[in-house]
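See below for the structure under consideration.
The values are calculated or read from the model by the stated rules, or taken from the named source; none is laboratory data. Quick caveat, the model's predicted, so the values are computed rather than measured. Note: ideal-geometry Cβ built from the backbone for every residue, glycine included; neighbour counts use all protein chains shown. These area figures cover heavy atoms from the full protein model, side chains too; ligands, DNA and RNA do not enter into them. Shrake-Rupley method; radii C 1.70, N 1.55, O 1.52, S 1.80 Å.
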Amino acid sequence: FRAPRANGPVVIDGDGKDPAWAGAFYTDAFKETFTDAHADIPAPLKTTVGILSDDRNLYFLITALEPQPGKLKAAAEKDGPVWGEDGMELFLYPPTAANTYYQIAVNTKGTVFDAICPGSNAKYDLGAELKTKVLDDRYVMELKVPAAKIGPFERGALWRIHFARNRKIKDEGFAGNYSIDGAGYHDTVAYRALEIGSPYFRNGSFDDVKDGKALFWTTDKNAEFIRKGNGYAAYFKNGG
């Protein structure tokens, strides 16, 4: 995943209409969590997350389709059991010697739970800013996280990140929990890598591979790009 530098201001108002969002990185790779199948999230619940950054902050634009917005559960207050309501969870794992990561849970009322992990200590306040809007067929969230205070935050830094959606409405055939790749919420080993800022090299992490070749790289027949974990690695044969 990437957190491109915003090319303009991002206003946290729950609209997601700032021009800067056109240059964001987007993912919708949500799958069932806590099931054996890890099936893709159903189309009526499609959830998309956009990511941007600037010198000190990370920005997230969340759009979650919801066929029954009138039944959304959201009553918790700040640092209350927000994770038990309809909404999203975000996990940020910066590359620090402290070996800690951060959990942010938000509900559709605009309430924030933030904690430092392991242990989910909610006394730690990240100062996150959130605005939400519930529409007829979806809810939209804009979230600003002052990331510079929790880890090395500079262009090219590699963090790890995870997203999850909690849905408490009981619909037949729909699971209640979805996450990126279906990975467990606190399974930090399975978190995706997050590159901060616009990359120095186009496709520098070999994320875009076609027919065994990394796009925008010039290599000969001795180079092959092979799936490795959550991304790709370059292999060179015959001493190349």
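General observations
- In summary, the convex hull built on the alpha carbon positions of the range 165-223 has an orientation-averaged projected area of 7.3 nm².
- Per residue, the convex hull spanned by the Cα atoms of the range 124-240 measures out at 195 cubic angstrom.
- Sum of side-chain charges, N166 neighbourhood, beta-carbon under 11 Å (Lys, Arg +1; Asp, Glu -1): +1
- Restricting the calculation to alpha carbons of the range 71-129 gives Rg and Dmax of 11.8, 43 angstrom.
- In the chain, the DSSP beta bridges split such that about 95 percent are antiparallel, to the nearest 5.
- Where the Cα pairs of the chain fall when distances are cut into 10 Å bins, in %: 7, 30, 35, 20, 6, 2, 0
- Using the Karplus relation 6.51 cos²θ - 1.76 cosθ + 1.60 with θ = phi - 60°, the per-residue 3J(HN,Hα) values for the range 87-94 come to x, 10, 10, 10, 10, 10, 10, x Hz, with x marking Gly and Pro.
- Counting protein heavy atoms only, the range 199-240 has 52 percent of its accessible area on carbon and sulfur, 1.4 angstrom probe.
- R202/R56 FRET efficiency (R0 30 Å; Cβ-Cβ; nearest 0.05): 0.75
- Most mobile listed residue (L45, L61, L135) in the chain, GNM with C-alpha springs under 10 Å: L135
- Rounded Å value of the spacing that divides the Cα centres of the range 78-114 and the range 182-240: 28 Å
- D15-A37 FRET efficiency (beta carbon distance; Förster radius 41 Å; 0.05 resolution): 0.70
- Backbone N under 14 Å from the A190 label point (7 Å along Cα→Cβ), restricted to the range 200-240: 230
- Projected onto planes of every orientation and averaged, the convex hull of the alpha-carbon atoms in the range 1-122 covers 9.2 nm².
- Proximal charge balance of G197 [Cβ under 13 Å; K/R count +1, D/E count -1]: 0
- Distance between the modelled labels on N99 and R155, one decimal in nanometres: 3.3 nm (7 Å Cα→Cβ projection).
- Loop-located GluC sites (Glu not before Pro) in the range 79-187 (DSSP state other than H, G, I, E, B) with a sparse environment of at most 15 neighbouring Cβ atoms within 10 Å: E154, E172.
- Taking 0.36 nm per residue of separation and subtracting the current Cα-Cα distance, fully stretching the chain between D137 and L215 would add 24.4 nm.
- GNM top mover of F30, F153, F201 - the chain, alpha-carbon springs below 10 Å: F201
- Net charge contributed by nearby residues that have their C-beta within less than 12 Å of R155 (K/R +1, D/E -1): -2
- Positive-end ranking of G50, M88, A64 along the dipole of the range 1-91, with charges on Cβ about the Cα centre, is headed by G50.
- The value of relative contact order for the chain, using C-alpha pairs under 8 Å at least six residues apart, is 21 percent.
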